[in-house]
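Please read the structure below before turning to the comments.
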Amino acid sequence: MQVDLLIHNADWVANPDETPPAAHQSIAIRDGWIVALGAADELAVEARETLDARGLILIPGLINTHQHFLESLTRAMPAAQNDPLLPWLSKHYPFWAAVEPSHLAIATRQAAVELLRSGCTTVFDHNYLWPNGCQVEDQIEVMQALGLRFHVSRGSISLGQSRGGVAPDQAVEDEAHILRDSERVIDRWHDPSPGSRLQVALAPGSPYSVSAALMRETATLARDKGVRLHTHLAESRDEVDFCRQQYRETPVTHVEGMGWLGPDVWFAHMIHPSSTDLQRLASHGCGISHCPCSNMRLGNGIAPVRAFLDRSMPVGIGVDGGASNDAANLLAETRQAMLLQRVAHGAEAMTAREALTLATAGGAKVLGRTDIGRLEVGMAADIAGFRLDALEMAGGAVHDPLGALVFCPPPYADLVVVDGEPRVRKGEVLGQDLGALVAEHNQAARAIVRAASRA
């Protein structure tokens, strides 16, 4: 059999939801798909290129179900380091409102490169701010050059401070324009085909940053066009209290009345659902993006992930924003997901394999994908490989190579393949000068601070 790429003789190949990993395996790839997988000494193929995978454990590429690339320009801002969600938002919005297209592009590249180094191959970015001429194309061009699978949001906020919102008025958009541009973006960019590297989701910032009418019309448009829906929900106690006082309902029942429950919807955070909310979410097949570091950083609480899983809900991992997590390492986020459930529910609450399943097959389910998230014949060739002799894995990989990825300090990926194309080799992100990237990114970060100070 002729193939494009043979990843040969990996020490281990593992799907996290299967035990144990298989030893001394090779993976054959053609046209971006896994066409053969098996014992290295039995796989008979002729490959255009062969990668020696000795010393590696190979797992499915990690899937990031929620992030805000733009925020990477405002990491560790001193004024908001110790604030809860709403004051934190208020202090950041003036900087985000100063972002220009070139700033959004470099923020996207920096965050995506950081994700690649952690073994991430698919990412959803929830950008809902489009100031100063920014548009989805500023992100799409960068992501296509880097080669990651990208689920891009046509996000939105329409309620500025003059209408009771948190964002400055100059950062919000007219709702008629939001709907027109949402349709334009879907028609131009959404690819629902198997193996798609670019899909679109419609994603208001929250049910409180746009009107109820726009929430309903966004849901209608998404279903007419066959794309998914996403927003933040039940992220803080303050939100739950506000919803009960303002609407006499929970955040979940509030969005249910707008047509926002269904198997085509996933929510970020969902830290504070009631028991009735859990039943509603599960019965409608809604997905959840769990963002443990951001939830801790902002003091919002611990999401009931075990309850989601016990109800067979789709659950994935999200690193969330560069300013509420200050990192874009999906393997580190996976480790934190496991540890935080143990803080809440004891040492048996989540295993390492369960946590890695959230970051792979679970993320695929959240994004509505059946072609990624596992290493098997017929699946897209998205693969992350980690060295077993990495310093971080010392004394762990010799006992349990898969478990060590989560229990030990997270190593950087040595190999990352997306759609059958190597994007990281020997720990280096191909085609990227990291020093130049950081310098350009820091220049943009300083520029938005200067611009915000003049506003």
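The values are calculated or read from the model by the stated rules, or taken from the named source; none is laboratory data. What you are looking at is a predicted structure, and each value in this text was computed from that prediction instead of being measured. Cβ placement follows ideal geometry from the backbone for every residue including glycine, while neighbour counts extend to all protein chains displayed. To get the accessible areas, we keep the full protein, side chains included, count just its heavy atoms, and leave off ligands, DNA and RNA. Shrake-Rupley method; radii C 1.70, N 1.55, O 1.52, S 1.80 Å.
Yes or no, residue by residue, for (1) open to solvent by 10 Å² or more (accessible area, probe 1.4 Å); (2) assigned to a helix (DSSP H, G or I):
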| residue | (1), (2) |
| --- | --- |
| His8 | yes, no |
| Arg54 | yes, no |
| Ile57 | no, no |
| Leu89 | yes, yes |
| Ala107 | no, yes |
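To keep it simple, each residue is scored yes or no on (1) touching a helix residue (DSSP H, G or I) at 6+ places or on another chain (Cβ under 6 Å); (2) on the phi > 0 side of the Ramachandran plot; (3) of a type outside the set (Lys, Arg); (4) assigned to a strand (DSSP E or B).
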{"site": "Val142", "(1), (2), (3), (4)": "yes, no, yes, no"}
{"site": "His151", "(1), (2), (3), (4)": "no, no, yes, yes"}
{"site": "Asp181", "(1), (2), (3), (4)": "no, no, yes, no"}
{"site": "Ser193", "(1), (2), (3), (4)": "no, no, yes, no"}
{"site": "Leu202", "(1), (2), (3), (4)": "yes, no, yes, yes"}
{"site": "Ser209", "(1), (2), (3), (4)": "no, no, yes, no"}
{"site": "Met215", "(1), (2), (3), (4)": "no, no, yes, no"}
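Exactly one residue out of Ala44, Ala105, Ala40, Ala28 is more than 26 Å from Leu331 (Cα to Cα) and without any contact (Cβ under 8 Å) to a residue 40 or more places away in the chain, and it is Ala40. Can you tell me which residue within segment 270-309, out of those that are in a helix (DSSP H, G or I) and of a type in the set (Gly, Ala, Ser), is surrounded by the fewest Cβ atoms within 10 Å (Cβ to Cβ)? The extreme case among them is Ser275.
Scanning segment 230-253 for residues that are in contact with a strand residue (DSSP E or B) (Cβ under 9 Å, 6 or more places away or on another chain), on the phi < 0 side of the Ramachandran plot and either open to solvent by 20 Å² or more (accessible area, probe 1.4 Å) or not in a helix (DSSP H, G or I) (or both) yields His230, Thr231, His232, Leu233, Glu235, Ser236, Glu239. Quick check on segment 181-190. Is at least one of its residues among the hydrophobic types (A, V, I, L, M, F, W, C), under 13 Å from Gly226 (Cβ atoms) and either touching a Leu at 6+ places or on another chain (Cβ under 9 Å) or free of Cβ contacts under 8 Å to residues at least 40 places away in the same chain (or both)? Checked segment 181-190: at least one residue is among the hydrophobic types (A, V, I, L, M, F, W, C), under 13 Å from Gly226 (Cβ atoms) and either touching a Leu at 6+ places or on another chain (Cβ under 9 Å) or free of Cβ contacts under 8 Å to residues at least 40 places away in the same chain (or both). All of (1) open to solvent by less than 20 Å² (accessible area, probe 1.4 Å); (2) hydrophobic (A, V, I, L, M, F, W, C); (3) farther than 24 Å from Thr351 by Cα hold for Ala397 with one exception: (3). Report yes if some residue within segment 410-422 is open to solvent by 80 Å² or more (accessible area, probe 1.4 Å), modelled with pLDDT of 95 or more, closer than 15 Å to Ile383 by Cα and not polar (S, T, N, Q); otherwise report no. For segment 410-422, residues open to solvent by 80 Å² or more (accessible area, probe 1.4 Å), modelled with pLDDT of 95 or more, closer than 15 Å to Ile383 by Cα and not polar (S, T, N, Q): present. In segment 240-277, the qualifying residues are those that are of a type in the set (A, V, I, L, M) and over 18 Å from Ala213 (Cα atoms), and the one that is farthest from the chain's Cα centre (by Cα) is Val240. For segment 310-356, the tally of residues that are open to solvent by 30 Å² or more (accessible area, probe 1.4 Å), in a helix (DSSP H, G or I) and not charged (D, E, K, R) stands at 6.
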